[in-house]
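Step one of this worksheet: look at the structure below.
Just so you know, all these numbers are worked out from the coordinates, no wet-lab data involved. Just so we're clear, the structure is a prediction, and the values are computed from it rather than from any experiment. Neighbour counts are summed over all protein chains in view; Cβ atoms, including those assigned to glycine, are modelled from backbone coordinates with ideal geometry.
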Amino acid sequence: MSGVIRRVAVEAKDLELLEGTPVLAGRPGDRQLTEDLFQPVWARTRRGWLALFGICAALTGVLFTAIGYTFAVGVGAWGNNIPVAWAFGIINFVWWIGIGHAGTLISAILLLFQQRWRTSINRFAEAMTLFAVMQAGLFPILHLGRPWFAWWLFPYPSTLGIWPQFKSALMWDVFAVSTYFTVSFLFWYVGLLPDLAALRDASKSRAARIAYGIFSLGWRGSAAHWRHWRIAYLLLAGLATPLVLSVHTIVSFDFAISQVPGWHTTIFPPYFVAGAIFSGFAMVLSLMIPARKAFHFEHVITQHHIDNMTKVLLATGLMVSYGYLCEHFMAWYSGNPYEYFVFFNTRLRGPYAPVYWLMLFCNVVVPHVFWWKKARSNMAVVWVAALLVNVGMWTERFNIIVTSLHRDFLPSSWANYKPTIVDWSIYVGTLGFFGFLFLLFLRFVPSVAASEVKELRRELEHEAHAREHAPAQGR
Amino acid sequence: MAYLLAEFKDDQALLAAARRLRELGHHRLDAHSPYPVHGIDEALGLRKSRIPLIALVGGVAGAVGGYVMQWWMNGVDFVINVGNRLPHSPPTNIPITFETGVLLASLSIVLGLFALCGFPRTYHPVFEVEAFRTASVDALWLSAEVSGAEEEPVTRELHQLGALQVSLAEEAR
């Protein structure tokens with residue numbers, strides 16, 4: 001008899017061990033949850049928000065001024081030269097689009113794998129994707145040289161009587177990035193509909209009710225709506241999953257199908273995808289840790305979420321490290337002198353070597369801090385490490401692009417690259433523009449998907465109920 | 001047409017009420033909830049959604065269209081010689097074919113969702129009932145479309161099934 005009781009007790013303890021820290025702390029009621037999660041939308045504008053918004057708006061001004069200058073003067077305003085024809089434009093494009101990928105990963109891939117911890121963070125991550133892709137899209141357009149003819153990239157029947165050249169990886173990029181932006185937007189908006197309706201219904205002012213009423217398109221939470229919505233959401237997730245892999249694969253093709261030493265390698269697609277997820281998770285953490293604290297969302301975004309995200313950072317960091325190792329091995333093993341020169345001379349000892357060593361520190365060394373639970377549960381450590389990873393992934397793209405280009409086959413055509421003030425203004429400006437959009441999102445849209453958290457709460461309740469009753473019935 | 005709206009205290013009560021009303025021959029029923037309720041489709045006798053079929057058609061059309069576009073533009077209408085490669089080169093067409101397939105599948109899913117749910121439709125008679133605003137926040141509601149004569153017996157039935165409150169929603173004039 002006592003044996004049976006002991007066994008039951010052990011099982012309950014095992015379950016706790018297995019489940020670890022909860023994905024939802026406490027069991028707040030639906031009304032409470034709605035109030036908590038919508039509180040940032042209804043609350044009065046806070047000083048901190050206003051200050052940040054002011055800074056970001058100013059930086060957005062800098063961005064558009066720099067863009068205007070680039071339009072007026074031409075890409076000569078940038079530091080690009082021959083051989084370094086791809087510099088900040090493409091570094092920042094790849095960096096921003098990589099950041100976007102974690103959002104899709106969290107919302108789509110984790111939905112397909114039925115990972116519950118995604119529920120509290122997916123909206124946040126999707127918004128990040130959307131705004132990051134917007135920044136990314138700016139760069140190749142500006143880099144066109146004549147950006148006012150950007151629509152020439154799309155196949156439309158023009159009086160010129162010609163069509164785009166589809167054998168170019170740059171055309172693949174056009175289709176990949178525009179598809180990615182469209183699908184990310186649709187996925188985000190479809191997921192947002194139930195919450196917009198809840199905002200409409202919970203709103204206290206008529207203006208808010210009308211505004212959210214329009215954006216919620218008449219969502220009534222009807223069984224018929226949910227029936228179509230669930231399958232639509234799942235299918236969009238199913239499509240977004242291969243899409244996100246394809247987008248960064250295609251971005252890596254921009255490099256891999258060329259013949260530049262340092263670019264012409266088959267490891268690029270998987271290595272780029274791993275790097276994208278790595279940098280994206282770092283960005284989610286960098287944004288989420290302050291927001292979680294400011295909005296008191298600790299019961300919804302728990303230690304469980306932070307823990308899992310840091311583990312993903314560690315895992316993808318190891319993959320990225322493997323990529324570096326593999327590149328160097330192949331450069332040595334292939335016996336190709338140009339390849340060898342890039343990896344063992346230019347990168348390690350060239351004029352941009354400090355950037356290379358900074359990259360190794362940020363991407364290879366820093367993630368190892370997450371082996372320790374103590375580090376994973378210290379928000380300051382996690383935040384700083386995540387920021388360092390963001391820096392590391394930017395330097396990685398700098399290395400791939402500038403270091404490979406500035407010394408290629410013929411020493412007589414070597415040239416160094418130096419970014420100009422316009423380059424820096426555009427880059428820092430996109431950081432501001434991203435923050436600008438993100439702050440608006442935090443202010444006007446619930447940053448945690450309330451309807452999904454309510455569903456999760458229901459599931460957890462059913463399970464707790466089943467667990468309480470199962471041992472008694474079983475024996 | 002008017003709608004009778006009844007609030008129920010939990011999933012089980014809502015499901016039981018939906019089943020009972022259907023047994024009594026009411027088929028113009030709907031349920032409203034802040035999250036998808038498990039088992040409601042069966043209780044209301046809703047058929048499977050046609051969204052997957054719409055997505056498939058859209059995806060196939062997108063992929064085929066994307067491939068044909070590349071073949072016709074670069075291989076037939078305006079041939080570009082790139083390093084003496086074939087004008088119609090299947091491997092280089094793969095990325096764009098995949099992207100257009102995904103793009104059209106996603107657009108058809110969302111447009112299909114709009115068409116099947118009747119979006120955008122910002123006005124609906126059920127919004128006339130003030131208490132119904134809880135339907136997207138924390139309450140479960142059943143709605144039955146009724147004609148004038150049915151109103152009274154269905155209201156009685158809903159009360160018997162344990163409805164917390166019942167209201168009539170009519171289109172504003």
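So how compact is chain B: Cα radius of gyration and Dmax in angstrom?
For chain B, the Cα radius of gyration and maximum Cα-Cα distance read 25.0, 81 Å.
Using the Cα atoms as the points, what is the convex hull volume per residue of region B:1-80 in Å³? Walk me through the numbers on the way to the answer.
On the way: hull volume 13.2 nm³, N = 80.
Looking at region B:1-80, the number lands at 165 Å³ per residue.
What's log10 of I(q)/I(0) for region B:41-138 at q = 0.15, 0.18 Å⁻¹, Debye sum over Cα points only, no solvent?
-0.77, -0.92
From the residues A:Phe398, A:Ala353, A:Ala211, which one has its Cα farthest along the dipole of the protein assembly as shown in the positive direction, the dipole being from +1 and -1 charges on Cβ of Lys/Arg and Asp/Glu about the Cα centre?
Comparing the listed Cα positions along the dipole, A:Ala353 ranks first.
How about region A:200-254: which trypsin sites (Lys or Arg not before Pro) there lie in a loop by DSSP and see at most 14 other Cβ atoms within 10 Å?
Working: sites: A:Arg200, A:Lys204, A:Arg206, A:Arg209, A:Arg220, A:Arg227, A:Arg230; in loops: A:Lys204, A:Arg220.
When the trypsin sites (Lys or Arg not before Pro) of region A:200-254 are filtered for loop state and at most 14 Cβ neighbours within 10 Å, A:Lys204 remain.
Name the residue from A:Thr302, A:Val320, A:Leu170 whose Cα lies farthest towards the positive end of the charge dipole of chain A, charges +1 on Cβ of Lys and Arg and -1 on Cβ of Asp and Glu.
Of the listed residues, the answer is A:Thr302.
Divide the volume of the convex hull of the Cα atoms of region A:171-293 by its number of residues and quote the answer in cubic angstrom per residue. Walk me through the numbers before you get to the answer.
Numbers: hull volume 17.9 nm³, N = 123.
Roughly 146 Å³ of hull volume per residue.
Quick one: longest stretch of chain B between exposed loop chymotrypsin sites (Phe, Trp or Tyr not before Pro), exposed meaning at most 15 other C-beta atoms within 10 Å and loop per DSSP? Don't skip to the end; give the middle numbers.
Working: sites that count: B:Phe78, B:Tyr123.
Between exposed loop sites, the widest span is B:1-77.
Nothing charged except the Cβ atoms of Lys and Arg (+1) and of Asp and Glu (-1): what's the magnitude of the dipole of chain B about its Cα centre? Round to the nearest 20 debye. Walk me through the numbers on the way to the answer.
Numbers: 13 positive and 19 negative charges, 145 e Å.
Rounded to the nearest 20 debye, it is 700 debye.
Under 23 Å between alpha carbons, and skipping anything fewer than 8 positions from A:Lys454 in its own chain: which lysines qualify?
Partners within reach: A:Lys204, A:Lys293, B:Lys9.
Helix by helix, which DSSP H runs in chain B go 24 Å or more along their axis at the Cα atoms and have an average Kyte-Doolittle hydropathy of 0.5 or more?
Working: long enough: B:51-70 (28 Å, 1.61); B:90-117 (40 Å, 1.43).
What comes out of the filter, once short or polar helices are dropped, is B:51-70, B:90-117.
Let me know the mean shielding of B:47-59 by other chains, meaning the per-residue number of their Cβ atoms within 10 Å of its Cβ. Don't skip to the end; give the middle numbers.
Details: counts 1, 2, 9, 2, 10, 4, 0, 3, 6, 1, 0, 0, 2.
Mean inter-chain Cβ contacts per residue within 10 Å come to 3.
To make sure I understand the rule: partners must be aspartates and glutamates, Cα under 14 Å from the Cα of A:Lys373, and not fewer than 8 residues away in the same chain. Which ones qualify?
A:Asp307
For B:Ala2, enumerate residues with amide H under 5 Å from its amide H, sequence gap 5+ or separate chain, H modeled in the peptide plane.
Those lying under 5 Å, H to H, from B:Ala2 are B:Val146.
Can you tell me the Rg and Dmax of region A:364-475, counting just the alpha carbons, in angstroms?
24.7, 83
Given +1 on the Cβ of Lys and Arg, -1 on the Cβ of Asp and Glu, and no further charges, what dipole in debye does the protein assembly as shown carry about its Cα centre, rounded to the nearest 20? All intermediate terms of the calculation are to be shown ahead of the outcome.
Details: 50 positive and 44 negative charges, 215 e Å.
For this selection, approximately 1040 debye.
For region A:105-217, just the Cα atoms, rotate onto the principal axes and tell me the three extents in Å, largest first.
Largest first, region A:105-217 extends 55, 38, 22 Å along its Cα principal axes.
Pairing the Cα long axis of helix A:223-256 with the longest principal axis of chain A, what angle in degrees results, from 0 to 90 and rounded to the nearest 10?
30 degrees
Report the charge-dipole magnitude of region B:1-88 in Debye, nearest 20, computed about the Cα centre from +1 at each Lys and Arg Cβ and -1 at each Asp and Glu Cβ.
Computed about the Cα centre, the dipole is about 200 debye.
Roughly what % of Cα-Cα distances in the protein assembly as shown sit above 45 Å, to the whole percent?
Working: 57778 of 209628 pairs.
Distances greater than 45 Å cover 28 percent of the Cα pairs.
Quantify how strongly other chains surround peptide A:173-179 by giving the mean number of their Cβ atoms within 10 Å of each of its Cβ atoms.
Numbers: counts 2, 2, 9, 6, 1, 2, 11.
If you average over the peptide's residues, the count of other-chain Cβ atoms is 5.
Can you give the percent of C-alpha pairs in region A:82-121 whose distance is more than 12 Å? Display every interim value, and only then the final one.
Working: 498 of 780 pairs.
Of all Cα-Cα distances in region A:82-121, 64 percent exceed 12 Å.
Dipole of the protein assembly as shown (Lys/Arg Cβ +1, Asp/Glu Cβ -1, origin at the Cα centre): which of A:Ser258, A:Asn416, B:Pro34 lies farthest to the positive side?
The Cα lying farthest towards the positive end belongs to A:Asn416.
Give me the mean projected area, in nm² to one decimal, of the convex hull enclosing the Cα positions of region B:72-125. Before the final figure, lay out the partial values.
On the way: hull surface 22.3 nm².
If I average the Cα hull's projected area over directions, I get 5.6 nm².
Quote to one decimal, in nm, the extra length available between A:Ser205 and A:Leu170 on full extension: 0.36 nm per residue of separation minus the C-alpha distance between them. Write out the running numbers ahead of the final one.
Working: separation 35, 0.36 × 35 = 12.60 nm, distance 4.86 nm.
Between A:Ser205 and A:Leu170, full extension yields an extra 7.7 nm.
Taking the Cβ of each residue in A:Ile289, B:Ile109, B:Ile94 as the centre, tally the other Cβ atoms inside 10 Å and list the residues starting with the fewest.
Numbers: A:Ile289 18, B:Ile109 29, B:Ile94 14.
The order, fewest Cβ neighbours first, is B:Ile94, A:Ile289, B:Ile109.
Rounded to the nearest 500, what is the protein assembly as shown's calculated 222 nm mean residue ellipticity when only DSSP H runs of at least 4 contribute -39500 (n - 2.57) each, over all residues? Kindly include the intermediate steps, with their values, before the conclusion.
On the way: 21 runs with 394 residues, N = 648.
Estimated from H runs of four or more residues: -20500 deg cm²/dmol.
Alpha carbon centre of region B:78-149 versus region A:145-196: separation in Å?
Distance between centres, Cα-based: 18 Å.
Any number yet on Rg/Rh for region A:314-424, C-alpha, Kirkwood? Please report the intermediate quantities before stating the final value.
Working: Rg = 16.2 Å, Rh = 15.4 Å.
Across region A:314-424, the Cα-based Rg/Rh ratio is 1.05.
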